[in-house]
Amino acid sequence: QVQLVESGGGLVQTGGSLRLSCSASGTVDSINRMDWYRQAPGKQRDMVATITGSGTTNYADSAKGRFTISRDNAKNTVYLQMNSLKPEDTAVYYCNIGFSRGGKNYALAPWGQGTQVTVSS
């Protein structure tokens, strides 16, 4: 089983910054893709940013220019540096991974508990 643990959320004022972390543990042969998602109250969970094993990144339009995703392969950890935060960034942030195990590829792992980000105006 794979476990994902997010941390780093909190309360910040508009224009502030936060750095989220997510560690993946459990039995995996390799982690291919690492993603950040967010879910605001009453809304669906949307992808914010993704990074491949080779370091290629992609961002939602709402995150471009403000958020930076990075990863530490040795630690199986993905980060999300969030700058210039806005009230509309308020959400629970989750990570997820695409991984390989036993010769099989898995698109998603079981979701973690997420980390709350609240941006006050």
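The values are calculated or read from the model by the stated rules, or taken from the named source; none is laboratory data. The structure displayed is predicted, hence computed values, not measured ones. Quick reminder, even Gly has a Cβ in these numbers, built from the backbone with ideal geometry, and neighbours come from all protein chains shown. Protein only, heavy atoms only, side chains kept; ligands, DNA and RNA dropped before computing areas. Shrake-Rupley method; radii C 1.70, N 1.55, O 1.52, S 1.80 Å.
Would you mind telling me which numbered condition in (1) touching a residue at least 40 places away in the same chain (Cβ under 8 Å); (2) open to solvent by 50 Å² or more (accessible area, probe 1.4 Å); (3) within 25 Å of THR90 (Cβ to Cβ); (4) among the acidic types (Asp, Glu) ASP46 fails?
Failing condition for ASP46: (1).
Surrounded by 13 or more Cβ atoms within 10 Å (Cβ to Cβ), of a type in the set (Ser, Thr, Tyr) and free of Cβ contacts under 8 Å to residues at least 12 places away in the same chain: is that true of TYR94 in this structure?
no
Go through (1) open to solvent by 50 Å² or more (accessible area, probe 1.4 Å); (2) more than 15 Å from CYS22 (Cα to Cα) for SER100 and report which single condition fails.
Here SER100 meets the rest and fails (1).
Does GLY53 satisfy the criteria of being of a type in the set (Gly, Ala, Ser), modelled with pLDDT of 95 or more and surrounded by 13 or more Cβ atoms within 10 Å (Cβ to Cβ)?
Values: of a type in the set (Gly, Ala, Ser): yes; modelled with pLDDT of 95 or more: no; surrounded by 13 or more Cβ atoms within 10 Å (Cβ to Cβ): yes.
So GLY53 does not fit the description; no.
Kindly provide the set of residues from the stretch 23-38 that are of a type in the set (S, T, N, Q) and assigned to a strand (DSSP E or B), ordered by number.
SER23, SER25, SER30, ASN32
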